[in-house]
Structure formats: structure tokens, C-alpha cells
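Below is one structure, written out as C-alpha cells, with a few remarks after it.
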Amino acid sequence: MRNFRLLVLGNGISAYGSYLNMVALNVFVYDATGSALAAGLFMAVRLATSVVSGWVSGRLVSAYDRKRLMVGADLCQAVALLTLLLAPDATRVGLLYVLAVVTGGCSTLSQVALRSSIPEIVGAEHRVRANGLLVTGRSLAMIAGFASSGVVVAQLGYSAAFALDAASFLISATVLFLLPVRTRAVKKDDAGAGSAESSGAARWTARMLLATAPLLMAMIAIRAVDGLGSSSHNVALPIYSSSLDPDHPATFISQFWATWAIGNIVAQQVIGRVTKKTGRTPGERAFALGACVMSAGFIVVFSGLPTLPAVIAALVAGAADGFTEIVYVSRLQAAPDEQRGRLFGLSASAENAGFGLGMLVSGALLETFSPLQVVASFHGLAIVLCGTLLLLLLRRGVPRDHVAAETISQDKPTVTEGRS
């Protein structure tokens, strides 16, 4: 796990750069163009690229070395940022949309490759703990990135922000390159068998997943709807915070995200200890229940409660968010290595599509409805779906420790039956 902790550190540094990038670039687009439409288009291009990249990334991580893909993704983002930094002012606006494509595609590729690799890096029995460490690292990076972005841009300027962002990706790429980690399962078959298996894996699509592993498909669908809910509270939070304290609108936002991050860290600690003590990995029931608690917590945050109860609700929502993230990723990682990349690619596309659609719809609805109404509608839909899944699981009597990969592996003979 020592090597993996270094990997988490590198990933956290690149995540810090990504969150700093998210704020600095969006503000820079608006300042450079003076157009809210241009800023919105930049975000739309980046999200659309992330959705498409999910499908492409699944193929790439199934066919090529994942470590090299992650290093390449970080280097591409660093080069794109340095190009923007060194470009003449007159050409920067046009390069911004190229940067949106590069960052959107590479960040998704890196995420899919890393999630697919964890069982091979740390061993399948340690994947829950490893996922928890990653969640903690990214939570801390998000807080640091959002908190420092305003200071960096205001005090040092956009060029310093872009340079710092590029440096974070270079550090991450260097750490990954130097670490002696294996990211793919060791193949025991001959070359011909490996080729047939890869060909079979290429035919492993969402339709096959729906037929062979409906529980996993349901979990992916819920994550897409969770993306809708996440976008709703992200869009509504500044509006709600301004209504609480018009003179200091950033106060509640800071309290919310700091408390949310603490909840994420607490979840990582708890689930790691419980898994180590019991030797059991939380299953689909835990995922559905955790997602219900998470969405309910976000709704309570916007219900107009005094600061202390609202902060407690944010803590609960953050803990449930971290818990469901760890459980969800760990379940998908139980799939065979040759199928795992496609599975995470599909998941990334679904989550990014849900978040992007939610950003558009939430923004439109907030022109007419209150933040509570919008957040309750989106997260309420997630609660309904999670409740339905939970009832079905209870009715079918699916064991708590049912391993989703066992369902998927029923299709494995079909994938490899072309061997000769």
C-alpha cells in the first residue's frame, strides 16, 4: 500500500490542479470574452467531451497499458495549459475551447484507467480501502482548489494559476511514471487466446450488461440520476447562500463544502475499519440505502434550517456521498479485468451526462422555482429510484455480499468461446 499512497498523493495533486483549473478557467473565459454565453459554451464543450470520452476511454483502457494512458493524460493536460499560457493574447480565446476538449477527455480517461487498475495495484481484497483513500485525497484537493483559486487569481493572476495547474499535472505524471505498479491482470493464455478474449471484450456492450448484470446496470442508472442531483445543488448553492446572507454569500458555501469534505473523510475511515474487521464488502443494499441518505441530506441542507442543523445535514450528506462512492466503485471493480475498463467507461459517460444535463435543466428551473424545490425534485427522483432498487433487493433476497462480478462472469464463456 505504500506505493499506492504515493499514487494517491500524486492523484490528489492533479485533482487540486483540476479544481483550481475549473474555477480559474471559467472566470478567465468570462473576463476574456465578456460573454456569459461563451463561458457556458466552454463548460458545455468540456462536459460533452467528458461524456464522449467515457465510451472511448473504456476501449482504450481495455486495449492499452493503463499506466501509460494515465501518464499521457496528465502530460497532455500540462502541455495544453502551457500552450495557453505561452500563446499570444489574441489567440487565447480560440485555444480555450481546444483546452476544454483536452481537459474533458483526458480527465475522464485518467479516471477510468485509475479506477480500472486499483484491484491490480493493491489486490482485490484491499480495493475498498484504496478507494477510500482516493475519495479522501480528492475531497481534500477539492477544498484546497476551490479555496485557493480566488486568492491565486486575485493576487497572482491567471498566468500563475495556469502555471500552477500545469505543474500539478507534471508532478502527477512523474509520480505515476516512477511508481513500480502493475495496472493490468497477468495474462496466462497464449497470444491467440488473448486476442480472442480482447475481441470478445470489445463486443461487451451496455446491452450485454443489461442482460447479464441488471443490478450493475441499475446502479449505473442511479449514478446518472445522482449526477442530476449533484448538479442541482451545485447550481442552487450560490443562490441559496446569497439569500441567507446577501453581504457575505460565500460564507455558507465555504461551510457547506468544508463540512461535506469532512463527511467524506469520516466515511472513508469508517468503511475502511468495518471492512477490515468484518472482511465483508458492502453490497447493493448498502449502496441504495447510502444514496437515499445522501440525497435526503442534500434536500435538508436547502430547507431553511438554522446554520448548525444545516451544517450537520451537510456532514451527513458528505459521509453518505463518500460511502456510496466507495461502495459503487468497489462493486464495479469486482468485474473481471478485461471487462472492467468498458464498465467504468460506461459509468463515466452516464455520470457526466447526468451532471451536464442537470446543469442545464437546473439553471433553467431556478429562474422560476426556489432552490429547495429544484434540489428536492432532482434528489427526490434519486431517492425514488434507490428506494425501488432497495425494495427489489429485499424482495429477491440478494445477499449483502453478493459480488456483482459473479453475475457478469456468467457471460465470460461467451466472451472467450472463440478461442482455438
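The values are calculated or read from the model by the stated rules, or taken from the named source; none is laboratory data. Nothing here was measured: the structure is a model prediction, and the numbers come from that model. Note: ideal-geometry Cβ built from the backbone for every residue, glycine included; neighbour counts use all protein chains shown. Just the protein is used for accessible areas: all its heavy atoms, side chains included, with ligands, DNA and RNA removed. Shrake-Rupley method; radii C 1.70, N 1.55, O 1.52, S 1.80 Å.
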From Leu140, Leu170, Leu134, residue being modelled with pLDDT of 85 or more, crowded, with 22+ Cβ neighbours inside 10 Å and of a type outside the set (Val, Ile, Thr): Leu134
Of the criteria (1) of a type in the set (D, E, K, R); (2) within 24 Å of Gly227 (Cα to Cα); (3) surrounded by fewer than 16 Cβ atoms within 10 Å (Cβ to Cβ), which one Arg68 fails: (2)
Sole exception among (1) over 30 Å from Ala87 (Cα atoms); (2) modelled with pLDDT under 85; (3) open to solvent by 10 Å² or more (accessible area, probe 1.4 Å); (4) among the hydroxyl-bearing types (Ser, Thr, Tyr) for Tyr158, by number: (1)
Matching residues in the stretch 244-254 - criterion: being in contact (Cβ under 8 Å) with a residue 12 or more places away in the chain and out of contact with any helix residue (DSSP H, G or I) (no Cβ under 6 Å at 6 or more places or on another chain): Ser254
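In the stretch 25-41, what residues are under 20 Å from the mean Cα position of the chain (by Cα) and buried (at least 21 other Cβ atoms within 10 Å of the Cβ)? Break it down into steps so the answer makes sense when it comes.
Initially, the stretch 25-41 is screened for residues under 20 Å from the mean Cα position of the chain (by Cα), giving 25-26.
Leu25, the sole residue that qualifies.
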Counted residues, the stretch 363-388 - those being closer than 11 Å to Gly227 by Cβ and more than 20 Å from the chain's Cα centre (by Cα): 0
Single match in Arg129, Arg203 (criterion: modelled with pLDDT under 75, open to solvent by 20 Å² or more (accessible area, probe 1.4 Å) and either farther than 30 Å from Ala24 by Cβ or among the charged types (D, E, K, R) (or both)): Arg203
Test set (1) modelled with pLDDT of 90 or more; (2) more than 18 Å from Val128 (Cβ to Cβ) - Phe344 fails condition number: (2)
Yes/no for Phe177 being open to solvent by less than 20 Å² (accessible area, probe 1.4 Å) and modelled with pLDDT of 90 or more: no
Some residue of the stretch 287-298 being part of a helix (DSSP H, G or I), among the hydroxyl-bearing types (Ser, Thr, Tyr) and at pLDDT 90 or above: yes
